[in-house]
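Engineer: First, the structure itself, so that you have it in front of you.
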Amino acid sequence: MHPTPQTLADSSPVGNVVSLATLLERRRVWKGGAMPQQVGHIATGHATLDALLPTGGWPEGALSEILLSAPGVGELQLLWPTLARLTHAGERVVLVAPPGLVYPRAWLAAGVDLRLLSIIQATGREALWATEQCLRSGSCGAVLSWPQQADDRALRRLQVAAETGQTLAFAYRPIAEAVNPSPAALRIAIDAQPAQVRVLKCRGGLAPAAPMPLAL
């Protein structure tokens, strides 16, 4: 049995349960080309971070890997401005296998439209499968995942799926994974002490040497 998503707004009168099959049916038009196009960018909502990144924002239609020194170091706040803009533009945001309880009030306070926020509860390979399908479908504005023991091959499939569906893909992983290669277009690390963001890898230029203080 494949995992099915639920929305954070399910407990309210305006909330709707959206099946994974429905998400996949709502495909956006994808225009293929003979030559690969340069990846664009979407502003992060943090001016200092945008200035730090060579592309000026999140790489569009690509995988961004966020490596954490510990859970709860600001990893969600880093994405909330982007997710708020996407949902208010009518784009669906999907969380695949979040590791802890998701608090609707915090997301609502961040400006995210809960009616367009879905959660897929899954584990192991099912979580990777669900992430890949959501990305590949082109029916989501962004997909956030917390893959466990994802190897280079699994991450490459997510990267290709993000390109195919032209969807923002974010994978949260432990900082220990920094020693392993990754096909992600962007790779950043969030440190707790001191609280800062470091760019480890980025498409479109060299990774800046100086970290960015984390003041979200």
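Engineer: With respect to Glu65, determine if the residue is of a type in the set (D, E, K, R) and part of a loop (DSSP other than H, G, I, E, B).
Structural biologist: Working: of a type in the set (D, E, K, R): yes; part of a loop (DSSP other than H, G, I, E, B): no.
Answer is no for this residue.
Engineer: Taking the stretch 87-105 on its own, how many of its residues are in contact with a Leu (Cβ under 8 Å, 6 or more places away or on another chain) and not charged (D, E, K, R)? Outline the logic, then answer.
Structural biologist: Of all residues in the stretch 87-105, those in contact with a Leu (Cβ under 8 Å, 6 or more places away or on another chain) come to 87, 90-96, 98, 102, 104.
Remaining after also requiring not charged (D, E, K, R): 87, 90, 93-96, 98, 102, 104.
Total meeting the criteria: 9.
Engineer: Something else: From the set of residues in the stretch 51-97 that are of a type in the set (Ser, Thr, Tyr) and closer than 22 Å to Asn180 by Cβ, which is surrounded by the most Cβ atoms within 10 Å (Cβ to Cβ)?
Structural biologist: Per the stated criteria, the residue is Ser64.
Engineer: Now for a different question. Evaluate the stretch 166-180: report whether one residue or more is surrounded by 22 or more Cβ atoms within 10 Å (Cβ to Cβ), at pLDDT 90 or above, touching a helix residue (DSSP H, G or I) at 6+ places or on another chain (Cβ under 6 Å) and on the phi < 0 side of the Ramachandran plot. Explain how you work it out, then say what you get.
Structural biologist: Going through the stretch 166-180, the residues surrounded by 22 or more Cβ atoms within 10 Å (Cβ to Cβ) turn out to be 167-171, 173.
With at pLDDT 90 or above added as a condition, the list becomes 167-171, 173.
Going one step further and asking which of them are touching a helix residue (DSSP H, G or I) at 6+ places or on another chain (Cβ under 6 Å), we end up with 167, 169.
Pick out the ones that are also on the phi < 0 side of the Ramachandran plot and you get 167, 169.
Scanning the stretch 166-180 turns up at least one residue that is surrounded by 22 or more Cβ atoms within 10 Å (Cβ to Cβ), at pLDDT 90 or above, touching a helix residue (DSSP H, G or I) at 6+ places or on another chain (Cβ under 6 Å) and on the phi < 0 side of the Ramachandran plot.
Engineer: Still on this structure, I have one more. Under the condition of being in contact with a Lys or Arg (Cβ under 8 Å, 6 or more places away or on another chain) and at pLDDT 95 or above, which residue from the stretch 133-145 is surrounded by the most Cβ atoms within 10 Å (Cβ to Cβ)?
Structural biologist: Initially, the stretch 133-145 is screened for residues in contact with a Lys or Arg (Cβ under 8 Å, 6 or more places away or on another chain), giving 137-141.
Checking the rest, the ones that are also at pLDDT 95 or above come to 140-141.
Values: Cys140: 25, Gly141: 21.
Here the residue is Cys140.
Engineer: Right, another one. With the structure loaded, tell me whether Ala130 is among the small types (Gly, Ala, Ser), surrounded by fewer than 16 Cβ atoms within 10 Å (Cβ to Cβ) and either on the phi < 0 side of the Ramachandran plot or modelled with pLDDT under 95 (or both) or whether it fails that test.
Structural biologist: no
Engineer: Just one of (1) within 15 Å of the chain's Cα centre (by Cα); (2) at pLDDT 85 or above; (3) within 19 Å of Ala185 (Cβ to Cβ) trips up Leu95, so point out which.
Structural biologist: The failed condition is (3).
Engineer: Based on what the data block shows, is Arg203 within 18 Å of the chain's Cα centre (by Cα), modelled with pLDDT under 85 and closer than 20 Å to Leu53 by Cα?
Structural biologist: Working: within 18 Å of the chain's Cα centre (by Cα): yes; modelled with pLDDT under 85: yes; closer than 20 Å to Leu53 by Cα: yes.
Taking the combined requirement at face value, the residue satisfies it.
Engineer: Looking only at the stretch 87-107, how many residues end up being under 20 Å from Trp146 (Cα atoms) and in contact with a strand residue (DSSP E or B) (Cβ under 7 Å, 6 or more places away or on another chain)?
Structural biologist: So the answer is 9.
The values are calculated or read from the model by the stated rules, or taken from the named source; none is laboratory data. Since this is a predicted model, take the numbers as computed values, not measurements. Because the Cβ atoms are built from the backbone with ideal geometry, glycine has one as well, and the counts that use them run over all protein chains shown.
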